[in-house]
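Take a look at the structure below.
The values are calculated or read from the model by the stated rules, or taken from the named source; none is laboratory data. Source: prediction; values computed, not measured. Cβ atoms come from the backbone with ideal geometry, glycine included; neighbour counts cover every protein chain shown. Surface accessibility is based on the protein's heavy atoms, side chains included, excluding ligands, DNA and RNA. Shrake-Rupley method; radii C 1.70, N 1.55, O 1.52, S 1.80 Å.
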Amino acid sequence: MPSETPAFANPIHVGRPNVARPDEFRRLVDGALDRLWLSNDGPLVREFEAAVAEYLGVKHCLAINNGTIALEILIRAAGLSGEVIVPSWTFIATAHALQWLGITPVFADVDPETHCLDPESVRSKITERTTGIIGVHLWGRAAPVDELQAIADEHGLTLLYDAAHAFGVSSGDRMVGNFGNGEILSFHATKFFNALEGGAVVTNDDALAERVRLMRNFGFAGEDNVISEGTNGKMSEVSAAMGLSNFGGLDDLIGVNRRNYEAYVRGVADIPGLRILHISSENRSNYQYVVLLVEEGSAVSRDDLLAELRSNNVLARRYFWPGCHRMEPYRTLQPDAASSLPVTELLADRVIVLPTGTAVSEDDVAVITGILGAASARAAH
């Protein structure tokens, strides 16, 4: 039963913004104000693009005003049409970006341990109308890049990635940002590495990068020469300033996330039916999300556990409930989608994402795992 006196006086959020170097941010913004160059491919945006490209080891970084617009521009620049295979177990923007452009998202299932696309499910969804696959690197771990690339090559499909969760993540010795035809990043305020609001397209494909560059600025190739369709996807100088200032604290931010992840793992180790989704040390992770799985042996349901946390001002979230396929317009357009998504259906009822980041201390984690343990014990007795 929910607690009458919250364990925390103030709410603890999932994804509270990290600001690594506020003084550096203010210095960079002051410079932009002095120059009166606030948008339109300013010097801070160019410096930010270069920094991201160097960090990831990728040829091209095109800064965009947010991750969703970055995905829409990338889809358009890559020439996708017809049907594109995506996970349903993702934030709704992945599917909406396709639907918004008149493309049908076809939902494939995910692996029960990684929560990333299941290659065999992807293979089963390919039809004569399929033009591409959009993989999602989820929870700070890479999707099965080799398997998905093999499928794309076999069927002549374009392979893109939504890497909104995966800045600073690797698959083997290659950083996310170097896979498929192109990938998008998100630098939204809730991401561990943020630019207030922002995104990017990253790619090693010169021609694709040039199309994205044109499309993010209305198709302009010069002062008054429009040579393609386009939209307004430009990042502002203020957003670039936040991104650049946070770069200096990137390793520290990841270190805090890892510390909290390990504390949560220890804290729930002895609670029956609860576990933290494992993050392998074989690849680099940003440890951005702490995912609690409420398994079959749990004495307390996921939703009752969520209510207990929230009554204690722990604003945990049930990402990505109920799955894209059960949200509009997809539940109306594809009413039978659930029948081929058993793992997605299962995860939708079992996942809780717990608070982490610089606003959460190890002591806070101990209190949160204590709440979980007490709720489980009460339910068992």
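Remarks
- The set of residues from the range 74-89 being of a type outside the set (Gly, Ala, Ser) and open to solvent by 10 Å² or more (accessible area, probe 1.4 Å) comprises Arg76, Leu80, Glu83.
- Within the range 34-60, the set of residues being open to solvent by less than 90 Å² (accessible area, probe 1.4 Å), not in a loop (DSSP other than H, G, I, E, B) and not hydroxyl-bearing (Ser, Thr, Tyr) comprises Pro43, Leu44, Val45, Phe48, Glu49, Ala50, Ala51, Val52, Ala53, Leu56, His60.
- Applying a threshold of 6 Å to beta carbon distances and a minimum spacing of six or more residues, or different chains, the list of pairs starting in the range 306-328 at a residue that is within 16 Å of Thr356 (Cβ to Cβ) and open to solvent by less than 20 Å² (accessible area, probe 1.4 Å) and ending at one that is small (Gly, Ala, Ser) and at pLDDT 95 or above reads Leu309/Ala316.
- Number of residues in the range 150-182 that are in a strand (DSSP E or B), without any contact (Cβ under 8 Å) to a residue 40 or more places away in the chain and within 25 Å of Leu244 (Cα to Cα) equals 1.
- Top-ranked residue in the range 105-144 [being open to solvent by 10 Å² or more (accessible area, probe 1.4 Å) and assigned to a helix (DSSP H, G or I); ranked as nearest to Met175 (Cα to Cα)]: Pro119
- Tally of residues being in a helix (DSSP H, G or I) and either basic (Lys, Arg) or under 23 Å from the mean Cα position of the chain (by Cα) (or both) across the range 304-323: 2
- Whichever residue in the range 336-381 is closer than 30 Å to Phe107 by Cβ and of a type in the set (Asp, Glu) and, among such residues, is surrounded by the most Cβ atoms within 10 Å (Cβ to Cβ): Glu345
- For Thr158, the stated conditions do not hold, so it cannot be described as of a type in the set (Ser, Thr, Tyr), surrounded by 24 or more Cβ atoms within 10 Å (Cβ to Cβ) and either touching a strand residue (DSSP E or B) at 6+ places or on another chain (Cβ under 6 Å) or closer than 20 Å to Leu117 by Cβ (or both).
- Looking only at residues in the range 273-286 that are surrounded by 15 or more Cβ atoms within 10 Å (Cβ to Cβ) and more than 10 Å from Arg141 (Cα to Cα), the one that is farthest from the chain's Cα centre (by Cα) is Gly273.
- Among residues of the range 198-227, those that are open to solvent by 40 Å² or more (accessible area, probe 1.4 Å) and either more than 25 Å from the chain's Cα centre (by Cα) or among the charged types (D, E, K, R) (or both), counted: 15
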